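Heads up: the structure comes next, in structure tokens.
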Amino acid sequence: MKTSDKPFLHSYANNLNIGDLVWWTEWVRTEDFNYESKVHRGALMDFKITMQLGSQRPVVVAIVLPYGSNNTREIEPHLLKKDTN
């Protein structure tokens, strides 16, 4: 079976545009050792193609600037949703 020559997750990146306002969720551990889901929001700044550890196929990651932060984060594009509010 032949694998695609396009980077992994590229189809998710095709549904997003630079400058889109996006949101994603992450699990956060509370002080009493429970987990809760936390919603983060930010602006999509760019995409980059990288090689993941142990993989022979390039992977697309999104560069996102979270609201209220000066530092960007790399997030897999399949975790991002467009903010429509």
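The values are calculated or read from the model by the stated rules, or taken from the named source; none is laboratory data. Just so it is clear, the model here is predicted, and its values are computed rather than measured. Cβ placement follows ideal geometry from the backbone for every residue including glycine, while neighbour counts extend to all protein chains displayed. Each accessible area value is taken on the protein alone, full model and side chains, heavy atoms only, with ligands, DNA and RNA left out. Shrake-Rupley method; radii C 1.70, N 1.55, O 1.52, S 1.80 Å.
A few notes on this one:
- Residues of the range 56-85 that turn out to be at pLDDT 95 or above, β-branched (Val, Ile, Thr) and outside any strand (DSSP E or B), as a count: 1
- Residue list for the range 49-73, restricted to those being under 16 Å from Asp20 (Cβ atoms) and charged (D, E, K, R): Arg73
- Scope the range 30-85; condition among the small types (Gly, Ala, Ser) and in contact with a helix residue (DSSP H, G or I) (Cβ under 9 Å, 6 or more places away or on another chain); matching residues: Ala62
- Evaluation of Ile49 against (1) assigned to a strand (DSSP E or B); (2) touching a residue at least 12 places away in the same chain (Cβ under 8 Å); (3) open to solvent by less than 100 Å² (accessible area, probe 1.4 Å) (one fails), failing number: (3)
- Of the residues making up the range 52-61, those that are loosely packed, with under 14 Cβ neighbours inside 10 Å and either free of Cβ contacts under 8 Å to residues at least 40 places away in the same chain or not charged (D, E, K, R) (or both) number 5.
- Tabulated pairs, the range 29-44, first in contact (Cβ under 8 Å) with a residue 40 or more places away in the chain, second surrounded by 10 or more Cβ atoms within 10 Å (Cβ to Cβ) and not in a strand (DSSP E or B), C-beta under 8 angstrom, 6+ apart or interchain: Arg41/Tyr67; Arg41/Asp83
- Candidate set: the range 1-30, residues that are assigned to a strand (DSSP E or B) and either hydrophobic (A, V, I, L, M, F, W, C) or at pLDDT below 90 (or both); chosen: the one surrounded by the fewest Cβ atoms within 10 Å (Cβ to Cβ): Trp27
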